[in-house]
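Shown next, in structure tokens, is the structure this report addresses.
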Amino acid sequence: MDAGGIRSVTRPDTALPARTASSHTAAWALRPAVAADIETITELRATVMRADLERLGRYDDQRVRQRLRDSFSPRYTSIIMLGRELAGCVTVRPAEGRQWLEHFYLAPHCQGRGLGSAVLRTVLERTDAQGVTVGLNVLRGSGARRLYERHGFVVEAQDAIDVFMMRPPGAMADTKA
């Protein structure tokens with residue numbers, strides 16, 4: 001793969017097409033998840049979510065891992081590769097008449113470089129083409145909420161822990177994303 005291009009390893013029922021990297025991100029690709037990815041993703045989730053869960057008084061070393069194990073579905077999950085390195089993951093699964101974006105985690109050293117926006121744009125292009133609404137939940141106070149808002153998500157509901165957001169098909173994203 002050349003330094004400026006994106007390669008996507010595809011699976012017809014779930015693959016998300018990757019796009020050309022922006023000037024802020026190195027070459028990245030999405031590959032289908034496999035069952036053997038679960039422990040790596042479990043540890044990534046625990047690392048990424050720890051600060052927000054601790055801030056909310058909700059961090060439990062075992063529970064943060066078990067919740068991913070209980071809901072992991074390789075069928076709907078893509079692994080984000082940055083070069084040959086696993087940089088994160090994203091799950092998009094059908095539920096409740098929409099697509100649910102969940103388990104979207106980037107390794108800390110991959111955050112803040114435009115990779116999350118690039119992956120999210122790719123996911124949303126696919127859901128827009130299908131004409132479906134995308135829903136998600138994010139922890140209250142999480143910096144990830146700003147990313148979602150820049151891409152057209154709006155708050156639908158919230159409670160003491162979670163903010164539930166949705167994005168109708170074709171919602172305009174902030175051009176500064």
Review point. Between S73 and D174, what is the spin-label point distance in nm, taking each point 7 Å from the Cα along the Cα→C-beta axis?
Key: 3.0 nm
Exercise for review: Please work out whether the range 42-177 counts as rounded, prolate or oblate from its C-alpha gyration tensor, where a ≥ b ≥ c are the square roots of the eigenvalues and a/c under 1.5 means rounded, while otherwise a/b larger than b/c means prolate and anything else oblate?
Suggested key: rounded
Exercise for review: Could you sort 34-46, 98-110 so that the peptide with the highest average Cβ count within 10 Å comes first and the rest follow in order?
Suggested key: 98-110, 34-46
Review point. Arranged from highest to lowest average of other beta-carbon atoms within 10 Å per residue, in what order do the peptides 143-152, 56-65 appear?
Key: 143-152, 56-65
Check your understanding: So how do F164, F153 rank on accessible area, 1.4 Å probe, biggest first, that is with the largest at the start?
Key -> F164, F153
Practice item. Summarise the accessible area of the range 52-116 (1.4 Å probe, protein heavy atoms) by the percent that is carbon and sulfur. Key: 44 percent
Review point. Using 7 Å Cα-to-Cβ label points, what is the R93/L56 separation (nm, one decimal)?
Key: 1.8 nm
Review point. Q158's amide H: which non-local residues (gap 5+, or another chain) put their own amide H closer than 5 Å, with H modeled 1.01 Å from N in plane and none for Pro or chain starts?
Key: F164
Check your understanding: What is the distance, in nm, between label points placed 7 Å from the Cα along the Cα-to-Cβ direction at T47 and at Q130?
Key -> 2.9 nm
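The values are calculated or read from the model by the stated rules, or taken from the named source; none is laboratory data. All of these numbers come straight from a predicted model, not from anything done at the bench. Note: ideal-geometry Cβ built from the backbone for every residue, glycine included; neighbour counts use all protein chains shown. For accessibility, only protein heavy atoms count, side chains too; no ligands or nucleic acids. Shrake-Rupley method; radii C 1.70, N 1.55, O 1.52, S 1.80 Å.
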